[in-house]
Amino acid sequence: MINHKGHNAALLTESRAPGGISMITGSCKERIKAKMPQLTETEKKIGGFVLENYETVLQCNVSELATHSGVSDASVVRFCRSIGYRGFQDFKMNLARDILPPDRQLSPILGRGDTTEEVCRKIFLSEENVLNRTLLGLNMDDLHTLAVKIRHARKIVLFGTGGSQAVCNDVQHKFLKVGIETIAQSDIDMQLMESSLMNEQDVAICISFSGCNTNVQECIKNAKSSGAFTAGIISQGKSPLSKLVDVIFFSAYEETIFQSESVSTRIAQLAICDCLVSSVAVLDYDRAYQSILNTREATSIGKY
């Protein structure tokens, strides 16, 4: 097929996978090359970096690709749409199809013909490695600082969406057991309202895989503008949220096409949260122990 400027362009078709994600027939690289003459100069910078650093880009979030390309985060999103994808995640999924063989796209450690025993052994080893990497990267001084802030806070609010919201709910449950009341709204509008009512006596904690969720960013901005102490548990490195919070904790993760959906991501985030809850509890051990007894008794009614 010849485009209007006379450049050769690969035949590219588009289909829809379950969930509405576009899966482009033909490589992502071919699509970028075909669209390059029609892109803006800024978008061409991004396209050039992608073509020269294919595997590196697969491990980047929006902010990291923007930094590598010398452009803004918004320019990266526009680039993805200009070459025919719905957004950055859609772009990365199709990019992964170029790089990873089909039988390794679910997870690089798993093969299509693996037995149940092989799958289990590989998964457990992967989770162990993720936890060890997360522990090695934890800043203990920052964790202690956050624990002290929580211990004396007027209010603690947790922010997250999707799978990260499930982690927030788990943290709320564990904090309540040791006598610390937290707020973990599931509705984003409620989260935004909560963030607007915080002050310098409060602590805001966000949980995110990419660190790029715009709604969570707005919540943290609101909390910071009111003087609240802010913390983030984030899996990817340089990101908008990591630049906003006062202290940051990075959870390791396994390299897969669906990184944010991987179990290891949640396990690492939950492990950090368990460390935080326990650190707060030992600051006032007797109070925490009594709270555990009280909550256990309250929930034991009617159970055998």
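Where a number appears in this text, it was derived from the coordinates with a stated rule and is not lab data. Note that this is a predicted model, so its numbers are computed, not measured. In this analysis, Cβ positions are derived from the backbone assuming ideal geometry, glycine residues included, and neighbour counts consider all displayed protein chains.
Sorting the segments 31-42, 86-97 by their residues' average number of neighbouring beta-carbon atoms within 10 angstrom, most packed first, yields 86-97, 31-42.
Residue-wise HN-Hα couplings along region 281-286, as the Karplus relation 6.51 cos²θ - 1.76 cosθ + 1.60 with θ = phi - 60° gives them from phi, are 4, 6, 5, 9, 4, 4 Hz; Gly and Pro carry x. Other residues within the sphere of radius under 11 Å centred on the Cβ of V71, judged by their own Cβ, net out at 0 (K and R +1, D and E -1). Would you please calculate the Kirkwood hydrodynamic radius of region 148-217 over all C-alpha pairs and express it in Å, rounded to one decimal? Over region 148-217, the inverse of the mean reciprocal pair distance is 12.3 Å. Other residues lying with their Cβ under 13 Å from the Cβ of I188 contribute a combined charge of -4, Lys and Arg counting +1, Asp and Glu -1.
Cross-link pairs exceeding 20 Å in C-alpha to C-alpha distance, out of K155/K177; K221/K243; K29/K243; K149/K224; K149/K177, comprise K29/K243. Peptides 109-118, 159-168, 185-194, 65-74, ordered by how many other C-beta atoms sit within 10 Å of their residues on average, highest first, read 159-168, 65-74, 185-194, 109-118. Peptides 48-54, 214-220 ranked from most to least packed by the mean count of surrounding Cβ atoms within 10 Å: 214-220, 48-54.
Ranking H68, V119, L176 by Cα position along the charge dipole of region 36-187, where only Lys, Arg, Asp and Glu carry charges on their C-beta atoms, puts L176 farthest toward the positive end.
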